[in-house]
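Asker: Starting off with a structure, shown below.
Only the coordinates and a few stated rules stand behind these numbers; no lab work does. Note that the coordinates shown come from a computational prediction; the quantities given were computed from them, not determined experimentally. Here Cβ is always computed from backbone atoms with ideal geometry, including for glycine, and neighbour counts include all displayed protein chains.
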2 protein chains.
Amino acid sequence: MTAQPDQASEQAGRIIISVDAMGGDAGPGAVVAGLAASAAKNPEIGFILHGPEVRLRKLVAKRRDLNNRVTFRDAPDVVTMDDKPSLVLRNGKNTSMWSALESVRLGEAASAVSCGNTGALMALSMIRLRKLPGVNRPAIAVLYPALAARKFNVMLDVGADVRADAADLLQFALMGASYARNGMGLRRPRIGLLNVGTEEHKGRAELKEAHTLIAQFSDSANFEYVGFVEGSDVTGDAADVIVTDGFTGNVAIKTGEGTAKLISTLLRDAFRHSLLSRLASILAITTIRRLHKRIDPRRVNGGVFLGLNGTVVKSHGGADATGVSSAIKLAFQLAKSGFTDRLAARVASTAEVAQEEATPSAADAAKTVNDKYEG
Amino acid sequence: MTAQPDQASEQAGRIIISVDAMGGDAGPGAVVAGLAASAAKNPEIGFILHGPEVRLRKLVAKRRDLNNRVTFRDAPDVVTMDDKPSLVLRNGKNTSMWSALESVRLGEAASAVSCGNTGALMALSMIRLRKLPGVNRPAIAVLYPALAARKFNVMLDVGADVRADAADLLQFALMGASYARNGMGLRRPRIGLLNVGTEEHKGRAELKEAHTLIAQFSDSANFEYVGFVEGSDVTGDAADVIVTDGFTGNVAIKTGEGTAKLISTLLRDAFRHSLLSRLASILAITTIRRLHKRIDPRRVNGGVFLGLNGTVVKSHGGADATGVSSAIKLAFQLAKSGFTDRLAARVASTAEVAQEEATPSAADAAKTVNDKYEG
């Protein structure tokens, strides 16, 4: 990992994204192709690329769009999809993932992008970048296609974390609201808490507790709390931000994505069924493409880790060049908007407001949050 | 609730389905229309219809197909979607839902169908029909469209029950396997346990425990255990039966259904976009209809309550005549196959096998199951 000031100086004025070239299903070739696509579209962007340097230099050399846009950090090891996060924490110093986060930690890059193992990336991010003051459990937020006018809802946590208590769910609501406000331009986002029904008596104990807690913070944190929402509201217009624990969120979006893929496959089969349907498919091709573009997960690729000192975008493990480019775009936008600083300020000010405005019941809520702050 | 032997005698030789006419979003008119559709297609079927008798008689009189096929049980009260299950248990004696289950309990009908409040229906079913010996936590199983050759996977529990421990998940696996074998003709169903990843170290503690437990029973209970599956496998071909807790299952299928509805809406909009796309849509209409029929939830409408003394089919709250008719068909098929008796035998014999074949570790598993049996 030698510094390369000659190349770095050429990056002056650009927003630098740190990219883990390894660990994705499609290999570093797809990642470099994604870089090239982003570089071609956006002159403001520069990269630090992490992985086996000799191999990466060859891939980058083939892309004219990447000329003088990439600094390399040699990292011989790769975090695989099967690696246990705990093992990566102990032995992962020479991995491209570790190196990619290191550039953010050292301030060389504004944000990081990786297609690798989500659990390891989250564990490394928590240890190396550390949580924002006041955040107990960072979360992964994704954009999910919806009927809403704005076309996407924010959903968090989808990060496969196995539990979230009421105070965690409140923090997800605060972070999700901040993301929706700063990243999507929603002045007063509507927050919904995912449950098995919209009635107040339904659901697990921690959900009922979170229901009360989130409602108490809606004014001070400047969001509208719409109460419990159901799985059908993930694609609906009842809320802009869907709050849930990482286990439920992970299963829900994967089931939804599987359903979309099923329909897409069946639609293709259906259009092959007869001569008439083949003719129809030729005429319908623009229509189908329009639809595909509207809901293509590659175009909103990238879960954002919320609650860390630095922005980390987790791209889909199976992302191709389009997917990687889309994740880079998101990392760029968030870096440019100064999102992390805004989120940090929001979490901090909410804690203050909660203490200042504390009513007897809100005092309990503030205490719960503060216990977490100190933990 | 006076007996009507004159009408009942005309039903001789038919399989009688007990139907709750009330509580669905579309009202009793849709339910009666569903009855008529089923009666027209299936001469072997007869009905006991529960609800406000005068009103129901008027609706039935308009349907020639229902002539001499329906016995009435007057029930003036209705369980609404907002009624708390505990309240229905205490005060629900005069509701159509209670009455519909009573016909199954008394042996007047082979199975019951209701479009009403799921929580209340499950609570009433548990108290009035009682659980099968050996079953701790009944479950709701649904069929979900899949890429699999057979076109549907079984998923359970989707019943919004808030928790399931490892022993409950084992029972879901046993019941799901029995349903797939008897109801879908799969000789040795493949069982998958829903998690946030397929790696053994992932997920909640009870999932890791259930993972070990289910594997131990695969031979004695005659299923293949494929291990952990992910949300994307709900629509895939990795397993025939997806086992999960009722909270996760409920959120997952509602998110999946919401996604399907979103795509359907967007597809319709896309085809309206231009003159060419309108022309394409005219040519594509048969194709789209074919696809729609393939994944139409109304055609596989009906969650089945597994683990009770009697078969109860919960139709979708928003079911129209097609949906109701489909739920009735499922209730009829299960009644005709003697499914409840077979399931009871399977659960009982599995317990025996577990005891007879007990290895040191399987002995613990058998003990866990037996503790539940005695509970």
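Asker: How much of the calculated P(r) for the stretch A:13-71 lies past 20 Å, in percent of all Cα pairs?
Answerer: 15 percent
Asker: Can I ask one more? Can you list the DSSP H helices in chain B whose Cα atoms extend at least 18 Å along the helix axis and whose mean Kyte-Doolittle hydropathy is 1.0 or higher?
Answerer: B:27-41
Asker: Run the quick spin-label model on A:Lys151 and A:Lys293: label points 7 Å from Cα toward the beta carbon, then report their separation in nm to one decimal.
Answerer: Reported label-point gap for A:Lys151 and A:Lys293 is 0.9 nm.
Asker: Taking each label point as 7 Å beyond Cα in the direction of the beta carbon, state the distances from A:Gly318 to the same residue in the other copies, shortest first, in nm.
Answerer: Relative to the other copies, A:Gly318 has label-point distances of 2.8 nm.
Asker: With θ set to phi - 60° and the Karplus curve 6.51 cos²θ - 1.76 cosθ + 1.60, what are the ³J(HN,Hα) couplings of the stretch A:224-240 in order, to the nearest whole Hz, using x for Gly and Pro?
Answerer: 9, 8, 8, x, 5, 10, 10, x, 5, 7, 4, 9, x, 10, 7, 8, 8
Asker: Where q = 0.16, 0.21 Å⁻¹, what log10 of I(q)/I(0) comes from the Debye formula for the stretch A:1-148, counting one point per Cα?
Answerer: -0.87, -1.34
Asker: Follow-up question, since we're still on this one. Where does the stretch B:70-182 land on Rg/Rh, using Cα atoms and the Kirkwood Rh?
Answerer: We get a ratio of 1.00 for the stretch B:70-182.
Asker: Enumerate the lysines that B:Lys58 could reach by cross-link, defined here as Cα to Cα under 20 Å, with residues fewer than 8 away along the same chain left out.
Answerer: Counting by Cα, and skipping residues close in sequence, B:Lys58 has no lysines nearby.
Asker: Please say if the stretch B:116-236 is rounded, prolate or oblate, where rounded means a/c under 1.5 for a ≥ b ≥ c the square roots of the C-alpha gyration tensor eigenvalues, and otherwise the choice is prolate for a/b larger than b/c and oblate otherwise?
Answerer: It is rounded, given that a/c, with a ≥ b ≥ c, falls under 1.5.
Asker: Please list A:114-120, A:29-35 highest first by mean number of surrounding beta-carbon atoms within 10 Å per residue.
Answerer: Going from most to least packed, we get A:114-120, A:29-35.
Asker: Rounded to the nearest 0.05, what FRET efficiency do B:Asn222 and A:Arg64 have when you use their Cβ-Cβ distance and R0 = 56 Å?
Answerer: The computed FRET efficiency comes out at 0.35.
Asker: Can you return the lysines within cross-link range of B:Lys62? Criterion is Cα-Cα under 21 Å, with same-chain partners fewer than 8 residues away left out.
Answerer: Cα-Cα hits under 21 Å: B:Lys41.
Asker: Can you show me the helix-derived [θ] at 222 nm for the protein assembly as shown, built from DSSP H runs with n ≥ 4 at -39,500 (n - 2.57) apiece and divided by the number of residues, rounded to the nearest 500.
Answerer: -16000 deg cm²/dmol
Asker: Pop a pseudo-label 7 angstrom from the Cα along the beta-carbon direction at both B:Arg163 and A:Ala40 and give the gap in nm to one decimal.
Answerer: Each label point is offset 7 Å from its Cα along the Cβ direction, giving 5.6 nm.
Asker: Further question: Extension gain B:Ile285-B:Arg187, at 0.36 nm per residue separation less the Cα-Cα distance, in nm?
Answerer: 31.5 nm
Asker: Taking the label point 7 Å from Cα in the Cβ direction, how far apart in nm is A:Arg188 from each other copy of itself, listed shortest first?
Answerer: 6.2
Asker: How compact is the stretch B:217-314 by the rule of thumb for globular proteins, expressed as Cα Rg over 2.2 N^0.38 Å?
Answerer: Relative to the rule-of-thumb radius for its length, the stretch B:217-314 sits at 1.49.
Asker: Put a label point 7 Å from Cα along the Cβ direction on B:Glu108, then list its distances to the equivalent points in the other copies in nm, shortest first.
Answerer: With the label placed 7 Å along Cα→Cβ, B:Glu108 yields 7.9 nm.
Asker: Sticking with this structure for a sec: Suppose we look only past 33 Å in the calculated P(r) of the protein assembly as shown. What percent of the Cα-Cα pairs does that tail hold?
Answerer: It works out to 56 percent of all Cα pairs.
Asker: Enumerate the lysines that B:Lys131 could reach by cross-link, defined here as Cα to Cα under 29 Å, with residues fewer than 8 away along the same chain left out.
Answerer: Within reach: A:Lys202, A:Lys208, B:Lys84, B:Lys93, B:Lys208, B:Lys254, B:Lys314, B:Lys329, B:Lys336, B:Lys367, B:Lys372.
Asker: Most fluctuating residue of B:Met81, B:Met122, B:Met97 in a GNM of chain B with Cα springs under 10 Å: which is it?
Answerer: Looking only at B:Met81, B:Met122, B:Met97, the biggest GNM fluctuation is shown by B:Met81.
Asker: In peptide B:240-250, what is the residue-averaged number of other protein chain Cβ atoms found within 10 Å of each Cβ?
Answerer: 3
Asker: Please report the orientation-averaged projected area of chain A, defined via the convex hull of its C-alpha atoms, in nm².
Answerer: It is 20.3 nm².
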